[in-house]
């Protein structure tokens, strides 16, 4: 024969697992009394004794050795930058360098002199040949100043710088 139970018993059986879960959660979430007291004692003890904090922490039970505390207190997920600063700019000279004339673009092909006349010098620049006498101006850049001591003296006109070209014999 079947036994019919009353509504009270059915309701009570439904609440038993709920009560067990709530009790277990409360037990696990509630801090233990021993741990709380130990933290308070360890935090206050160094101040009361007058000893330096590091010495007091080394002597207190429950503390990790100093090396382990440093590792545990470091930030393992600290962000790092890979930025490398560019090198400093080069130091520029304080005074500008004196201007320099470009190298002479002419080479001496030869010279010719008639009796009683001044010498004519044949100068080559690229595929052009110039016949130059003392006092001439070449390409509005060079003036022929003199021909002495085996040297043909020219002046670079934009800067006024004197240059010389070797001549094979006195003219």
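Could you work out the relative contact order of segment 107-166? I mean the mean sequence separation of Cα pairs under 8 Å and 6+ apart, divided by the number of residues, in percent. Mind showing how you got there, number by number?
Numbers: 107 pairs, mean separation 12.0, N = 60.
Reported as a whole number, the value is 20 percent.
For residue 168 and residue 155 in one chain, what is 0.36 nm times their gap in residues minus the Cα-Cα distance, to one decimal in nm? Before the final figure, lay out the partial values.
Values: separation 13, 0.36 × 13 = 4.68 nm, distance 2.00 nm.
Here the answer is 2.7 nm.
What distance in nm lies between label points placed 7 Å from Cα along the C-beta direction at residue 146 and residue 30?
Taking the two extended label points, one gets 11.8 nm.
Residue separation times 0.36 nm, minus the C-alpha to C-alpha distance between residue 127 and residue 75: what's the value? Walk me through the numbers on the way to the answer.
Working: separation 52, 0.36 × 52 = 18.72 nm, distance 7.63 nm.
Gain on extension, residue 127 to residue 75, equals 11.1 nm.
Per the Kirkwood formula on distinct C-alpha pairs, the Rh of segment 107-166 is how many angstrom?
Hydrodynamic radius (Kirkwood, Cα pairs) of segment 107-166 is 11.9 Å.
Read-outs throughout are calculated quantities, based only on the coordinates presented, and are distinct from any laboratory measurement. As the structure is a prediction and not an experimental result, all values here were calculated from the model. Using ideal geometry, Cβ is built from the backbone for each residue, glycine included, and neighbour counts are taken over all protein chains shown.
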